Structures are given as structure tokens and as C-alpha cells.
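Novice: This is the structure, below, for whatever I ask next.
The values are calculated or read from the model by the stated rules, or taken from the named source; none is laboratory data. The shown structure was predicted, so the numbers you read here are calculated from the model rather than taken from an experiment. With ideal geometry, Cβ positions are generated from the backbone for all residues, glycine too; neighbour counts draw on all protein chains shown. Each accessible area value is taken on the protein alone, full model and side chains, heavy atoms only, with ligands, DNA and RNA left out. Shrake-Rupley method; radii C 1.70, N 1.55, O 1.52, S 1.80 Å.
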Amino acid sequence: MYSFRTSPVAMVSALIAVVCILGAAFSHWLAPHDPFDLASLSLMDSFKPPAFSPPVGGIDGDWSFPLGTDDQGRDVLSGIMYGAQISLIVGACSIVFATVVGVAVGLLAGYRGGWVDTLLMRIADVQLSFPAILIALLVDGVITAILPRTMRENLELYVIIFAIGISLWPQFARTVRGSTLVERGKDYVLAARVIGLSSSRIMRSHILPNVLGPVTVIATLNLGLAIISEATLSFLGVGLPPTQPSLGTLIRIGNAFLFSGEWWVTIFPGIALVLMVLSINLLGDWLRDALNPRLR
């Protein structure tokens, strides 16, 4: 807490992250409009500029749409809040999945050693040789092709979470494996073996609590990467369907109108994505330094 209070960057980043998370989590109550309520949409409200900007194409802004509207008359601010909710859900669930898989693989490889360690780490090395976004694209494409057409839209959210999570697990596995190699030779682990505890209990109750520090830092840093990966996939049109628009989908939709003068449709979702990811990454950097005993 002392490190947090004495770090202006951490405090500002935490404030921005909390505002983004609360705005996304309570978007159903805080958003000025419901962008998914077709009955409330009107094409007469399309392409209204932000309320604080001068008229664009003879159309004045309206304070009921603070950041303007898109081609269908949907409020951009409300779309950002709803889209950020989906982006955060996908990012957080992907990191949880990657953490569970990576920690389990790292513990098993580090504790067992031998051919188990060699096999699992070679798989991780092969995957690390490719960018995470390419792995996510490949996994998403393969699963989507296998699924029946009637199930694709209903399962697309889970598919994208699995695709991003499976692309990030090697970083957790290698970190946990290195920490496990250090911990398994210590006296408390040897004592646990002497009294007859099973290997699974030793890994779960003795080694795991001592390797979670680095995992917390990696999870925080990779949360921003997971959100960016989801936005990239949605921008490329292979992520979430249009019925579940994330920030990446909003940027892709607005990109078609960027050079025709309706800049706000894509600029504001882009700014929201940058602020959210940057604040999370800066918090991750602070957490890494705060938990580093060499810097105390």
C-alpha cells in the first residue's frame, strides 16, 4: 500500500481502470441508451456528431448523445460501455483459463521432471515461437469450422475465450515450472515427502501457494494483451458476432466511415480501448515492481 500511495502513475492508472471497469460492469444502468433496443433506434438520429463539436454536414450535436451516433442512430457512448463489458469479460475469462492450464502444466512439469518436463516444455516452446494472435486465429477458425452452423453464434463467446486462453498458457507454464524447480528441492517439500504426502497434495498445498506471486503479475500484464487480442479478432471479423459487439467490432464498424467525416464512430471506441489496456498494463508494471524483493 505504501508503494501504491507513493506512485502517481499507479494511482492514476488504478483510477482509470476502476472507471472503465465500473462503467462496463454497470452499463445496463449507467449507459444513456440501450444500443440493442431496436424499438428505441431511429435512422433520423444517425451520424450525429459529438455534442461538444461543431456541426458536421449541417447536423448539430445533441447532448442526449454526448459522443455522437453511428450509422444506425445508436449512441456511441452507450455502445462503448456495452462493448467494454464484453471485452473485459472475454479478456478476464481468457486469462483465468490460461492461468489454470498454465499453472497446472508448469507444476506438473517442474515437479515430475524427466520426460514429462521435456515433452510439456517443448510443446510450450513450439507455441511460443508463433505470435499469440496467430494461434488464436488458428484455433478460432478450426473450432468455428467444426461447429454446426446453428451452434456457432451461441458458442462464439466461449470459442473466442478458449482461443485466446489457449494462446497465452505457455507464459504461465514456463514461469511456474521455473519456480517449481526451485521450490521442490527445499526442506519443507522434502519433509512433506518423508511424512508420506502424495505428490498431488504436495503440489497443491505446499508448492502452489509459493509460486502464485509471479503468476499474479503475469496475469495482470496479460489481461491487456487478451483484451487487445479479442479486439484484433473482432476487428478482423473473426471474433464475436455483430449481435455481441465488443470494442473491436465498434472500431471495425466505424472504420468504414472514418474518411467520410464521421470520425467519432471509430475514434472514441479506439480511445476507450487504449485507456483501458494502458491503465491495466501500467498497473501490472507497478505490481511487478512492488512484488520484486530486489527493489524493496
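Novice: Measure nothing fancy, just the Cα-based angle from helix 208-235's long axis to the longest principal axis of the chain, in degrees from 0 to 90, nearest 10.
Specialist: Rounded to the nearest ten degrees, it is 30.
Novice: Want the number for residue 236 to residue 1: 0.36 nm per residue separation, take away the alpha-carbon distance, what's left? Before the final figure, lay out each step's value.
Specialist: Values: separation 235, 0.36 × 235 = 84.60 nm, distance 4.09 nm.
Gain on stretching residue 236 to residue 1: 80.5 nm.
Novice: From the alpha carbon gyration tensor of the range 114-226, can you work out the equivalent ellipsoid semi-axes (sqrt of 5 times each eigenvalue) and give them in Å, largest to smallest? It would help to have the intermediate numbers written out before the result.
Specialist: Values: eigenvalues 236, 46, 40 Å².
In descending order, the three semi-axes are 34, 15, 14 Å.
Novice: While we're on this one: What is the extension gain from residue 72 to residue 187, computed as 0.36 nm multiplied by their sequence separation minus the C-alpha to C-alpha distance, in nm to one decimal?
Specialist: Working: separation 115, 0.36 × 115 = 41.40 nm, distance 6.60 nm.
Full extension of this stretch gives 34.8 nm more.
Novice: Given a 1.4 Å probe and every protein chain left where it sits, what share in percent of the accessible area of the range 25-133 is carbon and sulfur? Spell out each step's value before the answer.
Specialist: Details: 3790 of 5450 Å².
So the carbon and sulfur contribution to the accessible surface is 70 percent.
Novice: Same structure again: Would you mind computing Rg(Cα) / (2.2 N^0.38 Å) for the range 1-97, counting N as its residues?
Specialist: Values: Rg = 17.1 Å, N = 97, 2.2 N^0.38 = 12.5 Å.
Relative to the 2.2 N^0.38 Å estimate, the range 1-97 comes out at 1.37.
Novice: Can you give the FRET efficiency to the nearest 0.05 for residue 212 and residue 123, using r as the Cβ-Cβ distance and R₀ = 25 Å?
Specialist: Values: r = 23 Å, r/R0 = 0.92.
The calculated FRET efficiency here is 0.65.
Novice: Which whole-angstrom value gives the distance between the alpha carbon centres of the range 26-68 and the range 156-195?
Specialist: 47
Novice: Rounded to the nearest 20 Debye, what is the dipole magnitude of the range 164-222 about its Cα centre when Lys and Arg each give +1 and Asp and Glu each give -1 at the C-beta? If you can, show how the numbers build up before the last one.
Specialist: Numbers: 7 positive and 2 negative charges, 28 e Å.
About 140 debye.
Novice: Summarise the long-distance tail of P(r) for the range 184-296 by giving the % of C-alpha pairs beyond 20 Å.
Specialist: Details: 3873 of 6328 pairs.
Distances greater than 20 Å cover 61 percent of the Cα pairs.
Novice: While we're looking at this one, here's another question. Would you calculate a helix-derived [θ] at 222 nm for the chain, using -39,500 (n - 2.57) for each DSSP H run of n ≥ 4 and dividing by the full residue count, to the nearest 500?
Specialist: Details: 11 runs with 200 residues, N = 296.
Computed ellipticity for the chain at 222 nm equals -23000 deg cm²/dmol.
Novice: Then there is this: Between the helical axis of 8-25 and the dominant principal axis of the chain, each derived from Cα atoms, what acute angle in degrees is found, rounded to the nearest 10?
Specialist: 70
Novice: Give me P(r) over the range 216-282, computed from all C-alpha to C-alpha distances, binned every 5 Å, as integer percentages.
Specialist: Here the calculated profile for the range 216-282 is 4, 19, 24, 22, 17, 9, 4, 1, 0.
Novice: I've got another one for you. So, in nm, how far is label residue 274 from label residue 92 when the simple model puts each one 7 Å beyond its Cα toward the Cβ?
Specialist: Here the modelled spin labels are 2.6 nm apart.
Novice: Further question on the same structure: Looking at the calculated P(r) for the range 48-114, what percent of the C-alpha pair distances fall above 19 Å? Walk me through the intermediate numbers first.
Specialist: Values: 1277 of 2211 pairs.
Counting pairs separated by more than 19 Å, the tail of P(r) holds 58 percent.
Novice: Find the all-direction average of the projected area of the Cα convex hull for the chain, expressing the result in square nanometres with one decimal place. Mind dumping the intermediate values first?
Specialist: Working: hull surface 78.9 nm².
Computing the convex hull of the Cα atoms and averaging its projections yields 19.7 nm².
Novice: May I pose another question? Over the Cα atoms of the range 55-182, what Rg and Dmax result, in angstrom?
Specialist: Values for the range 55-182 (Cα only, Rg and Dmax): 21.1, 72 Å.
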